[in-house]
Amino acid sequence: MPNQILKNDVIKKLETVLDPELNKDLVSLNMIEDVKVIEGTAEFTIVLTTPACPLKDKIKNDARDAVMELEGINDVKINLTAKVPQHKEIKEKLKTSIKNIIAVASGKGGVGKSTIAVNIAAALSKAGASIGIMDADIYGPNIPTMMGVHKLPDPIDGKIIPAVAYGIKLISIGFLVKDGQPLIWRGPLLHSTIRQFLEDVDWGELDYLIVDLPPGTGDVQLSLSQHIPVTCGIIVTMPQKVSLDDASRGIEMFKKLDIPIAGVIENMSAMVLPDGSKIDIFGEGGGEQMADAYGLPFLGRIPLEPKIREYGDVGKPIVISEPDSKPAVIINDIAFKVASFVSMFDLSESKVNE
């Protein structure tokens, strides 16, 4: 039974390979499947906790190097797949196939929150995750414009069917009201709308639902926390003081609502000119300083780049339109950091409750 012995040896070797973020070995994390050894070739599957894993190449290379140390192994074939863990409270409280809900917030309007939300969604979708966006900015629904979609499909069996753009499912009040029509709603109607967007929309199975919150700390935020188990929140700010002051209120809001914060994004940072010089129109570095002051991760600094706005106006997020541009690369890195935070949080919660 030499193959069986080698298979066990492969598993033992993989017990020495750590996930760099979770700091536990791949075997105890149940990330190794389908191990087999045929004529000196070891083959197995690594099941990542997110398709947007920023360190997947390192994990794969470390696993290959460890197994190649075995005598009798001449080659290693590794298959990569991903299974996103589901947030514990979503699993317990909601009848849904949505695994994680990520709320994108800002203390004030005009900081590019919706732009960040659609581009993070697009980056995660490109990585292979199943994604939805809920436009919860009831008073200023911009997601349909930014994603280039302006109507919903017809309902099926009483279920609202989300629009789809770039493989991402979308729902927004902007699909349900006429252009320019103001919404003058009080709390109860807002609560019911948020709940309906979650329960009456046929989302199917989603790894991540990105929720674009309205600016401020009002009824929608309260409704979200009361009715929807949010996995984590993201704070978007600009560098100048007035934006930072408002963003700090968003941080305090998430803390009071017991919503973990994945980190802070500084948007519209210094503009980089063609010659490499910078213009600090709104300043630079304030978002990182605020993150440090609150002990939060700083997710990244997105430069002030006209193309981001231009692509948003025509419904083509920059991570799709110009994936190799500097802003797109930065946003992609931010999206992967958020996905990693979600995985680590979900797995730590599941361990605590075992």
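The values are calculated or read from the model by the stated rules, or taken from the named source; none is laboratory data. Keep in mind the model is a prediction, meaning the values are calculated, not measured. Here Cβ is always computed from backbone atoms with ideal geometry, including for glycine, and neighbour counts include all displayed protein chains. Accessible surface is based on the protein model in full, side chains and every heavy atom, while ligands, DNA and RNA are left aside. Shrake-Rupley method; radii C 1.70, N 1.55, O 1.52, S 1.80 Å.
Coupling constants for region 128-141 follow from the phi torsions by the Karplus curve (6.51 cos²θ - 1.76 cosθ + 1.60, θ = phi - 60°), and in residue order they are x, 7, 8, 10, x, 10, 9, 7, 8, 7, 4, 7, x, x Hz; glycine and proline get x. Scanning residues 5 or more positions from LEU26 or on other chains, those with amide H under 5 Å from its amide H are VAL17, ASP19, with H placed 1.01 Å from N in the peptide plane.
Computed on the chain, the Cα convex hull volume stands at 164 Å³ per residue. Using only alpha-carbon positions in region 250-324, the gyration tensor eigenvalues give semi-axes of 27, 18, 10 Å once each is multiplied by 5 and square-rooted (largest first). Across every pair of non-identical alpha carbons in region 18-69, the mean reciprocal distance, once inverted, gives a Kirkwood radius of 11.7 Å. Distance between the modelled labels on TYR139 and ASP202, one decimal in nanometres: 3.5 nm (7 Å Cα→Cβ projection).
By accessible area, using a 1.4 Å probe on protein heavy atoms only, region 89-158 has 48% of its surface on carbon and sulfur. Counted as membrane-span-like here are DSSP H helices of the chain whose alpha-carbon atoms extend 30 Å or more along the helix's own axis and whose Kyte-Doolittle mean is -1.0 or above; these are 326-352. For region 54-73, backbone nitrogen atoms closer than 20 Å to the point 7 Å from VAL47 Cα along Cα-to-C-beta are found at 54-57, 59-61, 63-64.
Relative contact order for the chain: 19 percent, from Cα pairs under 8 Å spaced at least 6 residues apart, divided by residue count. Of ILE281, ILE318, ILE32, the order by accessible heavy-atom surface (1.4 Å probe, DNA, RNA and ligands excluded), from most exposed downward, is ILE281, ILE32, ILE318. Expressed as a fraction of 2.2 N^0.38 Å, the value expected for a compact globular protein of N residues, the C-alpha radius of gyration of region 1-159 is 1.42.
Of TYR208, TYR311, TYR139, which has the most accessible area and how do the rest follow, probe 1.4 Å? If you can, show how the numbers build up before the last one.
Details: TYR208 0, TYR311 50, TYR139 130 Å².
Accessible-area ranking of TYR208, TYR311, TYR139, largest first: TYR139, TYR311, TYR208.
Extension gain, LYS95 to VAL314, is 75.3 nm, computed as 0.36 nm per intervening residue step minus the present C-alpha separation. In this simple spin-label model, placing a label point 7 Å from the Cα along the Cα-to-Cβ direction at both ILE38 and LYS326 gives a separation of 4.9 nm.
Only helices enter the 222 nm calculation for the chain: every DSSP H run of n ≥ 4 contributes -39,500 (n - 2.57), and dividing by all residues gives -12000 deg cm²/dmol, rounded to 500. Close amide H contacts of ILE98 (hydrogens built in the peptide plane, cut-off under 5 Å, sequence separation of 5 or more or a different chain): LEU206. Per residue, region 28-105 exposes 51 Å² of accessible surface when a 1.4 Å probe is rolled over the protein heavy atoms with every protein chain present.
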